[in-house]
Each structure stands twice: as C-alpha cells, then as structure tokens.
Amino acid sequence: MAQKTLIKLIVGSETIFFLALLMAFVYFSYVPTLNPRLVSRLDLTSTGLFTVLLLSSSFTFWRAEVSFRRGQTKQLRLWLIGTVVLGIVFLFGQGLEYRTLFREQLTISQGTFTTSFFTLTGFHGLHVLIGLIILSIVIYLAFLGDLDDPDSVLLPSVGIYWHFVDAVWAVVFMVVYVLPHVLADSTL
Amino acid sequence: MMPVMHYWTFDLASLAILLALGLLYGSMAGWRRQRGAGLYGAGLVLLALVQFSPLHTLALTCSMSAHMIGHMLLLLVVAPLLVLGLPRRPTGWSATHIDRLSAFFSTAPWIGWLMGLGTMWFWHIPGTYRASLAHGDTGIIPLCTLAGPSTDWAANLIHLVHPISLVMAGVCFAWPLLGPRPSQRMFPLTGVLYLFTACIGCSLLGMLITFAPAGSYYPYVPGQSYYAMLSVLPAGWPAEPAVDQQMAGLLMWVPGCLIYLTGAISLFIHWITDDDEAGQIAPVH
Amino acid sequence: MITDVELPEPEKSLPGATVNSDQGLLMWISSVDHKQIGIMYLLMALFYLFVGGLLALLMRVQLLVPNNHFLAPDAYNQLFTMHGTTMIFFVLTPAILGLAVYLVPLQIGANEMAFPRLNAFSFWISLFGGLLLYFSFLAGGAPDAGWFSYAPLNQTQYSASPGIDYYCIGLLLSGIGTVATAGNLAVTIITLRTPSMQYKYMPVFVWMVFIDSFLILAAFPSLNAALAMLLIDRQLDGHFFNTDAGGSALLWQHLFWLFGHPEVYIVVLPPFGVLSEVFQVYSRKPIFGYPFVVGSGIAISLLAFGVWVHHMFATGMGHTVNSFFAVSSMLIGIPTGVKVFNWLGTMYGGSIRFTTGMLFATAFLVEFTIGGLSGISFAIVPIDWQLTDTYYVVAHLHYVFLGGSLFGLFAGLFYWFPKMSGRMYSERLGNWFFWLFVIGFNLTFFVQHILGIIGMPRRVYTYPALAGYSALNLTSSLGAFLMGLSMLVFLYLLYDALKRGKRAGDNPWDGYTFEWLTSSPPPLKNFTTLPPVYSFRPVHDLNHPEIGDYKKPDEEKYGTKDID
Amino acid sequence: MGDQNSVDEYLSAPRSYMETLSMLPSLLRPAAAQADRIASLTAYFTIAALLVLTIVIGLLIYIVVRFRARPGDAEPEQFTGNKVVEGFMIGVPTLLVIVFMYLTLDTMADVLPPDSGTQPDVVITGHRYWWEASYPGTKAIVANEIHLPVGRRLLLHINAADVIHDWWVPALGAKMDAIPGRTNHLWVTITKPGVYEGACSEFCGAQHAWMRIKVVAQPEPEFRDWVARKAQVANPVLSASAQAGAAFFSRQPCGSCHRIRGTAATGAVGPDLTHFASRRTMLAGLMENNPDNLRQWLTDPQHVKPGALMPRFIYPKDSINVLVDYLSSLK
C-alpha cells in the first residue's frame, strides 16, 4: 500500500519533470515557427514501429500482472521477459536513430532543436533503462521463486512506473514526431 | 448601456438544449421542486447567457477572450451548477441511471478528469478551434438562428456539438466531486488533488495559448463586421489579435486556475466542518 | 475516561533496532530512526547556518564603507551566491525537513516513517550535495552567478570556473533527497496515522508538512529539469540557455521561478505549522479557526504555482501577462493575512506564557507582517519596476526567510528542545539570545528597505559614497555583527542546556499533541499504546478531561458554529 | 559649451545636506512623469501598508499586555473561532487587494504603454560593464553619460550585447531588463533638467557594481547642440605628444575593440572613444575622468576594475603617457 502510494507520488513528480523538458522542446521547435527542415530528418515510420513495440510492452506487463495475481508462475516469467525484450528493442531503436542523426552532423550541440530533442528523448531513454534494470531484478526474483505472495505490491508498484514510462513516450512521440507533420500539412 | 449589449442572438438549437435540460430535470425530479433546483436553474440561466448574450456574438466573430470566457463558464461553472442541482431524490427511471453513473465515476474518477481536460484541449487544437467560429465565406453565424437560414450543414453540427460537449465534459468532470450521491463522491482530499492536477493541465494549455505564435489561434476574418457589430464596439475593442490571444491564454491560465482552486478550498472547508462522518464525538463516560 | 488503544506493532521489526547507544558515532551514521535522522538534519542545517552566516558577515565587512577593497569583486560574487544557495537549500530546507521527519511520526502516533531507509538515504544525499557544492571552493571557484543563476551568465563563456557545474550537481543531489523525503512524509501521513486519527484531527503542523510535501513534489522537478538542462549546456555544449546560439534567457527564468516561488512557501509553510502549535500551547487555547489555518495553507500552496511570473515583471513581457500575474500574486496576500489574524485570535483571550519559543513566535508576527507587506509591493507592477533587484528585495526576502521562516523554526526549536534533548534550556540565556537576535535582525535589514528606495541595486560588491549610503550600510553591517554575536550566545545556550539543563519531564509545556505523551527524549520505539483521537489536540483531552474537546460537536471544535 | 556649463553649475552649486539628499537616485524624487505616477502609487501603498502594520502591532501589544499569564491563572475560555472576525479577516484584505489591483492596472497602462513602433529616440545597449547609447537618426554614440532632452515623451529601446543587464534610473521611472536577443522599451517624459544617477540592477558579473548610469537631462536646444557635437567625428587640435599617442593608438590593437570616429579605429566591443575626454567619469562611474586616473587604468586595468574586459597590455611608461595625452584631448 505504502509502496504504491510512494511510486504514485514519484511518478507524479516525474510527470512535472518531463513536462518541463517537453515545454522546452515545444518552445524551441514550435515558437516562433516550426522548423520543418529538422523535423523532416526524423524518421516517423521506424520510430513509429518502435513506439508500437514499447507501448505493447505495457500490454505484456499487464499480462504479467494478471498471471501474477492468478499465481501462474510460468506465464509470469514469460510475460516479464517479453516486456524486457520489447524495452530493449525500443532502446536499440533509439540508438539506431541517434546514430543516423549523428552521421548527419545533428548532434546535441548543433542547435536548439537538437539540444532539446536529445535531452527529451534521452531522459526518456534513461527512464526506460532504469525500468529495464528494475524489471531484470524482478525477473531474477521471479526465477528465484520470491514472487509467490499474491498480496505483494512489488509487481503492481513496478507496473505503475513502467506504464508511466510508456505513457510519457506516447506523449513525446505525439509532440516530437507526429504533431509537426500534422501542423505542416494543415493550411495553418 | 453600451450599444454592444443589444447584440443578443437567439438560436433554436440552444433553445432546444435549454428546453431539453429543463425537461430532463423535471422528469428526474418527478415534476416537483427539490432541494438544489435553484442551483440547477442558475446553471440553465448562465448557459442561456453564454449562448444568447453579446458574449456569444463577440466570441464567434471577433474576440478570442470572449470565446475563452464562454468555454470556462460552460465547463467550470454551468456544468458544476447543473450537477450540484440534480435532484437528491430522483424518480423511477432516473434513479437507476444516476446510481449507475455515480458508481461508475466513483470507481473511475479519472475518466471524468480526462473528459474535462480532454475536451478543453480538444477545442483548442487550432483546427477544431477555427471550426467552432463564424465563417467568413458565408458572412453569418452558421446556426439555425432566427436571424437567418443555415447554409452549411457541417458547420452547424459543430456549432451544436461545441457547447453540448463542453457542458457534458464539465458534468463528467464535476460528477466525482459533486455528484448527487454524497456517499459515492470522491474523498475530499483526493478531490483537492484531482482539482490541482486539472488546474495544471489547464494552465499548460493556457501557457501554450499565451506564448503560441501570434495568429495560431486567430482565425477571425479581419474587418468582417457581422451585424455591423464592429462599429458599435468601444474604442480599443476588439484588442489586437496578438493581445487578444494572449489575454485568452491568460484567462484560462490564471482565473481558470483560480476557479479550480476555489473549488478545492471550498471542498476542503465543507469537508472539515461537515458533521456527517461517524465517530467524531467521543463517548462521554 | 478515555481508554488507551494498543498501537499495532509494525509487521516487520523496525530497522535499526539492533543498533544501540554503545556504538557511539556508528549509531548515528547507520541510523534509520526518524528521530536521529531528524536531529542530524537539524544539525546539518545549524552547521550550514553558521557557514552561511559567516559568508554573510564577510559580505557585510566588505560593505561597511563605500569603495572598500576588503574583498575582490569575484570573491564577493562567490560569497553572495554561496550565501543565498546555502541558506535556502542547506539551511531552511533541511531544517524544515528535519523538524518534519522528527515530529510527524510522533504527532500522528506512528513509530517510524513509512520508508526508514529511504529517509536515511535522503538525508545523506542532501548532506553530500552540500559538501559537493562547497568543494567547488577548492576546485577552481565557487558558483558566482547568484542563487538563481540567470542565463546566459550561467553559461561557460560568461562563467568559466566550474562553480556552476558544482551548483548544478550539488542542488540536483540535494533536490533528489528533498523530493524523496517529501514523498516519504506524504506516504507516512497517509498510511501510518494512528487508526482513530482522521485527517481533520491532524495537528496543524502535520497538515502543513502534508501540504508542503506535495508542494515539494510538484516544485522541485522543475528545478531539477532546469539544472539538468544547464548541465547539458555547460558540459555537452547544448544551447538551451545560450543566447549566443539561439537559446532563451527567459526559459531559464520561467523554469527556475516555477520552482523558486513555491520554494518560498515550501520553507515557510512548516514554520506556519510550528507557530500554530506554539501559539496554541503557550496561550493555553486551541488554534483560532483551524479550518482557516489549514485551508489557507492549501490555498497558498495552490496559488504558489500561479504567481512565479511576478519575478519577471521587469523583463518586458507585456501588459497582458504582467496584469494577470499581478492579480494572482496579490491574491496570495489574502490567505497569508488570514493566518496572521488567526494567530492573533489564538493569543487573544489566552493566558500567554512568554518562554523563548513564544517570544520568537510573537516577534515573528511583526517581522512576517513586514515581510508580507513589502512582498505585496512586488505584486504592484509599477512599484516592482522600481524596486525589484534592489536592496528593498534583499530586505523583503530576509524578512520572509529569516523573520518568517527562521523565526518560526527557532520558536519550534525552543518549543521542542526539551522533547528532543530531555533537558530544559536556560530561559535567561534564551531571552538574551532572542533580544540580541531580533535587534540585530531589524538593524540589519530594516535599513535595507531604505537603501533600495534610494537607489542601491542588490548584489553590488561596493557602492559609491552617495549621501545616506554610508550611514545605512554601516548600520546594516553593525546589525549583522550583532546577529553574529547572538548566534554565539545561542551556541552557548545549547551547550549549557545539554550540560547543565535540568531534566525535562514528558510534557513540560502541557502540550496538546502526541509527542508529549512519550518520554523526553523519546525511546527508539515511540509508543506502545495511544489513546483514541477525538479532536485535534488529543493530549489536551487526556490531561484536561473537564474541558475536553472530545465532548464537543465539530462545529464547536472548529469554531464554525453559526452565530445566533 | 552651453550644456557643459549648465550641468557643471548644477553639480558644483553649494547645497545643504537636505538638498544633497534630494540628489539621491531615489524613486521618491521623481523627475519624470512616469516616475511621478509610480511615486504616488508607492505613497498610497506605503500608507495602506503602514496602516495594516499598525493594526497588527497595536493588536499584538494589546494582547501581550492584557493576556499575559499571571500566576494562578485557570485555563482560559477555549473558543476556537468567530464567524464575524473570520469574515473581516478575509473581507478586509480582499477589499484592499481589489483597490490596489485597480491602481496597479491603471498605473501600468500609463507608465509603460506598448512600443509605438516609431523610431526610438535612444537605443541603449548594456555591455559588460558599461552602457552604450546611440541616437538613431544621428551618428552620435556615447557611453555611460547619456544626455536626454527635457519635456518630451521619449521612446527608449533597451538591448544587451552579452548577458542580462537592467537599465534603472530611479528618478526617471521604471527599470527595464536588457536581455540579449530581444528589444525592450521604456517611455520617459523628463520634467526637470538635472543629472540623474542610475545603475545596472540585474547581476551581470564581476563588475556589476560599477555599471552605473548618469543621465544628463537638458532643455531641448542644449540637447540638440550636444547631439550635434557628439555626431561629429573627433577632430581635435593635437599637441606633439598627443600626436605620438594617436600614432601609438593606431599601431596597437586598441582599434579592434574601440572606435574613434574619423580614424581607422572601428571596434565595437569597448566603449566608443570619439569624445572620451568630454565625459566627467570613466569606467561606468568608477572614477573621475582625469589624466592621472586614465594613466592608472591604462597601466593595469585589471587592478583598477578587476574583471573588466580590457586586457592588460604591458606598455612602456612613455607610451602610456602619450596615449593619455591623446585620449585626454578627445573632447
């Protein structure tokens, strides 16, 4: 109970942290005018694909929670591993994207757009990484057989964090990748 | 009185909405006056004012701030008044519905939160925002007004949906806090948090509008004077587009937030001084 | 009579219960006990208070006479930056957290914080954050761009020494600690209240800490984000705030003040709670208008996020923005004013005992009113245009931080000193300390209002010999030395009390809240049994059953009865 | 030399202590219409604030005296609230707030209306650590001592070259931040001729303290005269040693930072030196502008004003002397 409350509070606090980064990004990319040259360098399709993978990791985690409640140890382990794999693939995708951008000389010091882009996505990636580390520990515990008390709040607490990380990405993806295209296409 | 005060518009759609809401109350209350009828009535009167008064004409034709005031009144004042005014002893058919709604919102209050915030954000996407205004090409406000016929079916639909959706969203937002089943209401301190987070969501939108590039939200047709309204506006009205947009953003940001805050405080004060809870007086030995 | 209820044992044994007093320093270092961590927080605050005060005295020596060469300009700039940063992040913040961590479990009838290890972690990371910040003196220069470190002055091309990097990392670390403690406190209050303690029976101090925790959780992320961005600017050559490369100077100000203004309330709300306890007990009356005191705390904390732009009235943002924020800033004056009158109402009709704690509380009312009123002049935009960034601001913020926050903390420190140490302090020394401190404080800072009005900007390492400047600065410096002297008296008072103070009983002041039920100092396990709670001063109910709030209906408990 | 005389006279006239006080750069000594408005608002506010403070202190004294614990006191009456008092408690501050909201909005609109979009009368740029003023429409560029005409509404544009500075002359009204990358504006209608002190009031680095402002307000004709002279290139009659100084100046890298119009020196980093010798103070108010101080400065700038952007050049004494002679003749 207490753990879950704490995680909720921390997640609330983190939300504001990401809002600050997001506002900085919005400020530099949308004010006074959108910079389509740089946004067009972002690969909407491949990032979209990785986004789908990350968001589906929320689904796999939810399945893991269900298995946990039902005491199905085997499924629990499988779903957890699935979640971690999806998370790793997402990070891998982010790495690929960064590499492409670096090759085009779009580094963090190239301009305000890249500075705020790398900061925002980088901090999100960092959160994914932290989530993966926590999930690995959870998997380790699951294999040790320590996750057998259905009243334990460990998994639900980790879940709050993991769903939060996914939700943040959904917003980041909309604002960084999708919205510019929508705005550029509209007559505005 | 300023000449602009003469610009009242009556449209059949809004009249129908008002009538429907009134009838709804009647049928729910079993055609008897129940406690809270005054609040419900006040909500209806305010709704009528937003839809019919010069504010409406200003909002649709030349002033984003007026538009914003309308939004805030519908979402944050009219809707809570309607919810507060719902009959405490609803009759037959409505009782089960009210029970169901209350139970639903008490298990998933975040849906009310999302409805309120989501609708507010939705109507401020530049595209949808523009659709809810008067249209320059036709030169009239596209509603089934008494003043003229409608020309554009889609535009009319949006104009119908716009106020209804705001009031509905506001009702969903207010229900978990002020719903007619006190036992199903949210715990007041959670309510404070509910309102505070909503205030942040609203402030963000307000900030975006305030600092958005001038013109993003200003699709009014310059110089287009509906009903020769511009000529009767006081000097300095409407404000410069950039200033008007800023003002609208700030209206949502600051006074908007103050409405949430007032709600939070009154929620708190009512709760702490409310004697309904059991076990407050010690057994005296 | 009220019968005690057994306090349920924690499911798991309390961490740290195996460490005992034989282990000396190790007992403290390894402790996860909320009382020990609270005391360590307070000692940390006291340590940094002396350090920060010393920096201030050096500054006042430099400003003693016009055109002084006691300090080089860059040294002076480092001093005032470190002074401000220290006082806000390493004195006031740890002091309020220390009091909260010490008292909240006691007042809500819990035996521990919800997360004792996290509690220890938060303390140590804050402490090391502070040490890291001070390490910058050895590493090539302390930060020198002021405690709010405006962009683009905080960029490498304008501040090449690593000071600002240390500022970022030090504040980030201590910020993490602060957020963790806030979360910990909030969860403790939500989950560990003794079963019969409803929210509306929580002592006002607990309420203020509760509100404060949310304020911290909501405000610090903005600072952390700003600091992370600044580090990226400085270390990775980013361009958030680098105006030479398209960055924005105002973005920093927005992010910083979005944190910075709530921070003012973060360090002032718990002292408000402290004062509410102190006024009640020493006046022998319940707090006047409990719902208003708590409600205005909530109002202040919610308003806190809607007023930060008033720090930026002179940045030329235009009338529309300025007007709205002028209005919202003025509104804060209402709940604050309400509180002052609540405390006056608490004293009114009481039987007031002027112990040192009560003296500080009484002086607080005057000093904080002055600070609050001068604060309103910054909400009045045209006056702000004249007075912002002058010595008037320096005076104002010291009346708020010192006259408000620190006076409240001192009141609390004297009030709870017998509980924490088990000893009574000498009231005679306490009186000396109080009067020296108050006179020194007013001498130092009152004249600074005038200095601001006659055109002296803040943060200047020296000033020309214009008429009035010399005399007023001299007065101010003398006042500062007097405060320095009074702090020595304070040290001696602590030494004297710990060495010679007579034993304090469990409840020397006839206090109202649960901490006074346990022994002084409290044992490792705070309580075994507790009486049920029927009002917001359960111990008063226990000790004065003939008065007994518990017999009254709520409208009498809370003073909301309608007047016929 | 009319303006120089009138200002000098003003500065050197004998004065009583009270009059010296009146020369303080204080918002309570307004010399412009805008400052006047702010001063009266400040006065209203001070009265209201003092009133509130008196009430609080009065009540407090009464309570402290009346309700002091006396030996043998029983527990006092345990009242917890009073609706009337609470009503006042909220009502009175709310009323005050509403009054001051109105006054604030009213004064704001008067003091700082939006930029009219017309050509500014003066463009002021904050540098570390000095002020530059240029007069659009003329070629005049000056540093630190800024002349303005009396009796007409002036539009000032305020910029910064490096970090944030803040233009503040209390007698002339509002201050305004000078922010790199944006242009702020101020309106000033000076009502009284005189010399008005001001200072940078946003911390800008090592020498923030010596970034003072001197505004010389003159009647329109004198001001016109002054601008006309400042717009001309330096064309002084040079002594032999000053000529040697001029030659030295042009050989050395001085001209890459400083500008002396009419010569090859066109730098824009440091202050314009075209009419250097006509300023009464140097280094943004740090010291009087005389050959001795100038010599000191040129010998070791980092000793005189540590942190200033002027590097220390190691020049022989003779060269510094001729340089001083040259600069001192740039009237």
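Read the figures in this text as sums done on the coordinates, not as results from a lab. These numbers were taken from a predicted model, which means no experiment stands behind them. Here the Cβ positions follow ideal geometry from the backbone for every residue, glycine too, while neighbour counts run over all protein chains shown.
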> Separation between the B:TRP237 and A:SER40 pseudo-spin-labels, each 7 Å from Cα along Cα→Cβ, expressed in nm?
Replying inline: 4.6 nm
> Once you sort the root eigenvalues of the Cα gyration tensor of region D:176-216 as a ≥ b ≥ c, which label holds: rounded (a/c under 1.5), prolate (a/b larger than b/c) or oblate (the other case)?
Replying inline: oblate
> Which value, in debye to the nearest 20, gives the size of the charge dipole of region D:26-232 about its Cα centre, when Lys and Arg are +1 and Asp and Glu are -1 at the Cβ?
Replying inline: 380 debye
>> Using amide H atoms built in the peptide plane, which far-off residues or other-chain residues are under 5 Å from C:PHE148 H to H?
In response: none
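I'd like to compare C:67-76, C:270-279, C:348-357: which one has the highest average count of other Cβ atoms within 10 Å, and what's the full order after that?
Ranked by mean Cβ neighbours within 10 Å, highest first: C:270-279, C:348-357, C:67-76.
Only counting other Cβ atoms within 10 Å, I'd like D:VAL123, A:VAL158 sorted with the fewest neighbours first. Before the final figure, lay out the partial values.
Details: D:VAL123 18, A:VAL158 22.
By the 10 Å Cβ count, ascending, the order reads D:VAL123, A:VAL158.
Of the listed peptides C:135-141, B:204-210, what is their order by residue-averaged count of other C-beta atoms within 10 Å, with the highest listed first?
Details: C:135-141: 14.9, B:204-210: 20.9.
Highest-to-lowest ranking by the protection proxy: B:204-210, C:135-141.
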> Straight-line reach from C:LYS419: which lysines have Cα under 18 Å away, leaving out those fewer than 8 places along the same chain?
Replying inline: C:LYS35, C:LYS499, C:LYS502, C:LYS525
> Can you list the HN-Hα couplings for region D:83-88, worked out from phi with the Karplus curve (6.51, -1.76, 1.60; θ = phi - 60°), rounded to whole Hz and with x for Gly and Pro?
Replying inline: 4, 5, 4, 5, x, 5
>> Rounded to the nearest 5, what % of DSSP beta bridges with both residues in the protein assembly as shown are antiparallel?
In response: 75 percent
> Using the Karplus equation 6.51 cos²θ - 1.76 cosθ + 1.60 (θ = phi - 60°), what ³J(HN,Hα) coupling, rounded to whole Hz, does each residue of region A:11-24 give in order, writing x for Gly and Pro?
Replying inline: 5, x, 5, 4, 4, 5, 4, 5, 4, 4, 5, 5, 5, 4
> For the residues D:ILE61, D:ILE213, what sequence is obtained by ranking on other C-beta atoms within 10 Å, fewest first?
Replying inline: D:ILE61, D:ILE213
> Rounded to the nearest 0.05, what FRET efficiency is calculated for B:LEU19 and C:GLN198 with R0 set to 35 Å and r the Cβ-Cβ distance?
Replying inline: 0.20
> What does the average come to when, for each residue of peptide D:103-116, you count the partner chain Cβ atoms lying within 10 Å of its Cβ?
Replying inline: 4
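Name the shape class, rounded, prolate or oblate, that the alpha-carbon gyration tensor gives for region A:2-183, where a ≥ b ≥ c are the square roots of its eigenvalues, rounded holds for a/c under 1.5, and otherwise prolate holds if a/b is larger than b/c and oblate otherwise. Each step should come with its number before you reach the end.
Numbers: a/c = 2.70, a/b = 2.03, b/c = 1.33.
In terms of gyration-tensor shape, prolate.
Stick to Cα atoms and the Kirkwood definition of Rh, then tell me Rg/Rh for region C:195-238.
Numbers: Rg = 18.0 Å, Rh = 13.0 Å.
Radius of gyration relative to Kirkwood radius: 1.39.
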> Using r as the Cβ-Cβ distance of A:LEU144 and C:THR191, and R0 as 35 Å, what FRET efficiency do you calculate, to the nearest 0.05?
Replying inline: 0.80
>> Quick check on packing: order C:227-240, C:471-484 by the mean number of other C-beta atoms within 10 Å, highest mean leading.
In response: C:227-240, C:471-484
> For region D:261-324 and region C:371-401, what is the separation of their C-alpha centers, rounded to whole Å?
Replying inline: 38 Å
> Which whole number gives the average count of other chain Cβ atoms within 10 Å of the Cβ atoms across peptide C:198-204?
Replying inline: 3
>> For C:LYS552, give me every one of the lysines with a C-alpha distance below 16 angstrom, ignoring sequence neighbours fewer than eight places off in its own chain.
In response: C:LYS200, C:LYS285, C:LYS561
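Calculated from DSSP H runs of 4 or more alone, at -39500 (n - 2.57) each and per residue, what is the 222 nm mean residue ellipticity of the protein assembly as shown, nearest 500? If you can, show how the numbers build up before the last one.
On the way: 45 runs with 801 residues, N = 1368.
Rounded to the nearest 500, it is -20000 deg cm²/dmol.
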> Rg to Rh for region C:30-557: what is it, with Cα atoms only and Rh by Kirkwood?
Replying inline: 0.96
>> For the pair D:THR118/B:ARG35, report the inter-label distance in nm, with labels modelled 7 Å from Cα in the Cβ direction.
In response: 6.6 nm
>> When a/c reaches 1.5 or more, the comparison of a/b and b/c decides; with that in mind, is region D:240-328 rounded, prolate or oblate per its Cα gyration tensor?
In response: rounded
> Tell me, what ³J(HN,Hα) does each residue in region C:505-512 have, in order and in whole Hz, if you take phi through Karplus 6.51 cos²θ - 1.76 cosθ + 1.60 with θ = phi - 60° and put x for Gly and Pro?
Replying inline: x, 5, 9, x, 9, 6, x, 10
>> Give the average, rounded to an integer, of partner chain Cβ atoms located within 10 angstrom of each Cβ in C:290-298.
In response: 5
> If you average the sequence gap of Cα pairs under 8 Å that are 6 or more apart and divide by the length of chain C, what percent do you get for the contact order?
Replying inline: 17 percent
> Taking chain D as a Gaussian network, where each spring joins two C-alpha atoms under 10 Å apart, which residue of D:MET108, D:MET176, D:MET282 fluctuates the most?
Replying inline: D:MET108
> Near the amide H of D:LEU330, under 5 Å away, which other amide H atoms are found, from residues 5 or more places off or on another chain, if H is placed in the peptide plane?
Replying inline: D:ALA277
> Total Lys pairs in region D:26-232 closer than 22 Å by alpha-carbon, pairs eight or more apart in sequence or interchain only?
Replying inline: 6
>> Running a GNM on chain D with Cα contacts under 10 Å, which residue among D:THR299, D:THR46, D:THR266 ends up with the highest mean-square fluctuation?
In response: D:THR46
> Which residue, D:ALA143, D:ALA160, D:ALA264, tops the fluctuation ranking in a GNM of chain D built on C-alpha contacts under 10 Å?
Replying inline: D:ALA264
> Taking H as built 1.01 Å from N, whose amide H comes closer than 5 Å to the amide H of C:ALA114, not counting residues under 5 places away?
Replying inline: C:THR188
> Taking Cα pairs under 8 Å and at least six residues apart, what relative contact order does chain D come out at, in percent?
Replying inline: 16 percent
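Treat the count of other C-beta atoms within 10 Å as a stand-in for reagent exposure and order C:SER159, C:SER470, A:SER67 from fewest to most.
On the way: C:SER159 24, C:SER470 16, A:SER67 19.
By the 10 Å Cβ count, ascending: C:SER470, A:SER67, C:SER159.
Based on Cβ point charges of +1 for Lys and Arg and -1 for Asp and Glu, what charge dipole magnitude is obtained for the protein assembly as shown about its Cα centre, in debye rounded to the nearest 20? Could you put the intermediate results ahead of the total?
Working: 75 positive and 82 negative charges, 102 e Å.
In debye, rounded to 20, the protein assembly as shown gives about 480.
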>> Once the convex hull of the alpha carbons of chain D is built, what does its volume come to per residue, in cubic angstrom?
In response: 202 Å³
